[in-house]
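Notes follow the structure.
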Amino acid sequence: MPTAAEERIVRPARNILGSLRLPGDKSISHRYAMLAAFAEGTSHITNFSTGADCASTLDCMAALGARISRTNENAVEISGVAGHVTPSDQPLDCGNSGSTMRMLSGLLTPQQGSFTLTGDASLSRRPMERIRKPLEAMGAKLTLTEGHAPLRIEGSPLRHIDFTTPVPSAQVKTCILLAGLQTAGTTTVREALRTRDHSELALRAFGATLTRSIDSVSITGPQALHAVDAAVPGDISSAAFFLCAAAIFPGSGLVLDSLGLNPTRATLLDVLTALGAHIAVLNLEEKNAELVGTVQITSPPQGLGSTEVSGPLAAQLIDELPVLAAIAPYTSGGIRIRDAKELRVKESDRISLVVNNLRAMGAEVAEFEDGLDVPGGQTLHGATIDSGDDHRIAMAFSIAALRAQGETLIQGAESAAISFPEFFDLLDLIAER
Ligand code: S3P
């Protein structure tokens, strides 16, 4: 139910029932857009993310010379620049999107010309040193503003490196690989924890050769990319909100079709199973090396149990942790989250916002520098939620609101459109009231 433009009331639900097909994955859409725009030829991408973040990537790539048209709402035709972008005298506006800024920096540093990358207030607070270090080691000329955006690049040929990422980050890994793609010699990225591998899979789909070991990926440049026709799998991080909603209603039943099930992204299914939800995966197939399938979830009559998310699990589930924490009061034994300090430097400080909003709803919760403990067996009441204009916080607390007593007002609800503009409409479809 919309109220003022930026607020939305979410009423409690009786159950979650339905069957949906979700818009395309944000991470994969960013990569397909960037690679198609850089490749030679014309790519056709269907089920492209409808989120504002991926529109930021498309706008930047168009400003850099790619010809881009959205043939219908979710299909995009992209004619690439065949390896040579056109320098833009206007700043490239990455909006709210860390993926756009970090990955595009890697693509642009070996190009000819000067580039300025800007972002909104949230993106301008996020750490960019993590890309400056490896890019400077490659010889790139990159200037930050006190460790942040705006970011200025003077393009020049680079040298290959062998780099170990200090913090697991698929964006940083991708940044280095996109620079390595254009650099003579073999560039290697090593990571202690394996992060999402969409870039590796997408680079191969666009014709590049990479070699991978258990903890590293190498690319020998320079290599050319070639256009593809590809469908983007449904976004499992968007699905997470509805899967968690279904999980907290005994007797629920939800089917999500054509969902991306890349193993580096699907850890939530294991965690929900550990909590007691019944999950079945059907119709599994591979599309451009990405796994896609149908997920069915039902919740057990006795409700959810308890679990801990720490170590490598925390890194793999980083985007899903806000909604897991938001449903934790409705489990019987609670959820303990650790090793998730990265949550503090996302679109907002997600640990702090989750803790404050759970408390606003009357929950008991303990905050730690790298996580939180949420006891189970709690009853929450409706409250005013400060989303901090962070899409995942707005959506996570809309899910918590479904089992609260009374209505919940989500402030900054429009931020859901960063990744999932259809969120509130689809939630109304599956929430029985
Ligand atoms: C993303 C990687 C993750 C994730 C973000 C999308 C990507 O960030 O949180 O939403 O598409 O590569 P980090 O690379 O900072 O871990």
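The values are calculated or read from the model by the stated rules, or taken from the named source; none is laboratory data. Since we're looking at a predicted model, the values are computed, not measured. Quick reminder, even Gly has a Cβ in these numbers, built from the backbone with ideal geometry, and neighbours come from all protein chains shown. Surface areas here come from the heavy atoms of the whole protein model, side chains and all, with no ligands, DNA or RNA. Shrake-Rupley method; radii C 1.70, N 1.55, O 1.52, S 1.80 Å.
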Of the numbered conditions (1) more than 15 Å from the ligand (Cβ to nearest atom); (2) surrounded by fewer than 24 Cβ atoms within 10 Å (Cβ to Cβ), Ala245 satisfies every one except a single condition; which is it?
(2)
State yes or no: is Ser332 loosely packed, with under 15 Cβ neighbours inside 10 Å, modelled with pLDDT of 95 or more and over 26 Å from Leu17 (Cβ atoms)?
no
Suppose the filter is free of Cβ contacts under 8 Å to residues at least 40 places away in the same chain, within 30 Å of Ala289 (Cα to Cα), away from the ligand (no atom under 16 Å from the Cβ) and surrounded by fewer than 16 Cβ atoms within 10 Å (Cβ to Cβ); does Arg159 pass it?
yes
Considering residues that are surrounded by 17 or more Cβ atoms within 10 Å (Cβ to Cβ) and part of a loop (DSSP other than H, G, I, E, B), the number found within the stretch 74-85 is 4
Every residue in the stretch 162-185 that is of a type outside the set (A, V, I, L, M) and open to solvent by 60 Å² or more (accessible area, probe 1.4 Å), please.
Asp162, Thr164, Pro166
Given the structure, is Ala240 within 16 Å of the ligand (Cβ to nearest atom) and open to solvent by less than 20 Å² (accessible area, probe 1.4 Å)?
yes
All but one of (1) farther than 25 Å from Ala289 by Cβ; (2) open to solvent by less than 10 Å² (accessible area, probe 1.4 Å) hold for Pro250; which doesn't?
(2)
Could you run through the stretch 303-322 and say how many residues are in a loop (DSSP other than H, G, I, E, B), buried (at least 18 other Cβ atoms within 10 Å of the Cβ), within 16 Å of the ligand (Cβ to nearest atom) and not acidic (Asp, Glu)?
2
Of all residues in the stretch 194-214 being basic (Lys, Arg) and surrounded by fewer than 23 Cβ atoms within 10 Å (Cβ to Cβ), the one that is nearest to the ligand (Cβ to nearest atom)
Arg194
Any chance you could count how many residues in the stretch 323-362 are within 11 Å of the ligand (Cβ to nearest atom) and of a type outside the set (A, V, I, L, M)?
4
Could you list, in sequence order, all residues of the stretch 416-430 that are open to solvent by 10 Å² or more (accessible area, probe 1.4 Å) and among the small types (Gly, Ala, Ser)?
Ala417
Could you tell me which residue of the stretch 64-73 is least open to solvent (accessible area, probe 1.4 Å), considering only residues that are farther than 20 Å from Met128 by Cβ and modelled with pLDDT of 95 or more?
Ala66
Within the stretch 92-119, work out how many residues are within 16 Å of the ligand (Cβ to nearest atom), surrounded by 24 or more Cβ atoms within 10 Å (Cβ to Cβ) and among the hydroxyl-bearing types (Ser, Thr, Tyr).
3
Can you report the number of residues in the stretch 127-147 which are out of contact with any His (no Cβ under 7 Å at 6 or more places or on another chain) and within 14 Å of the ligand (Cβ to nearest atom)?
5
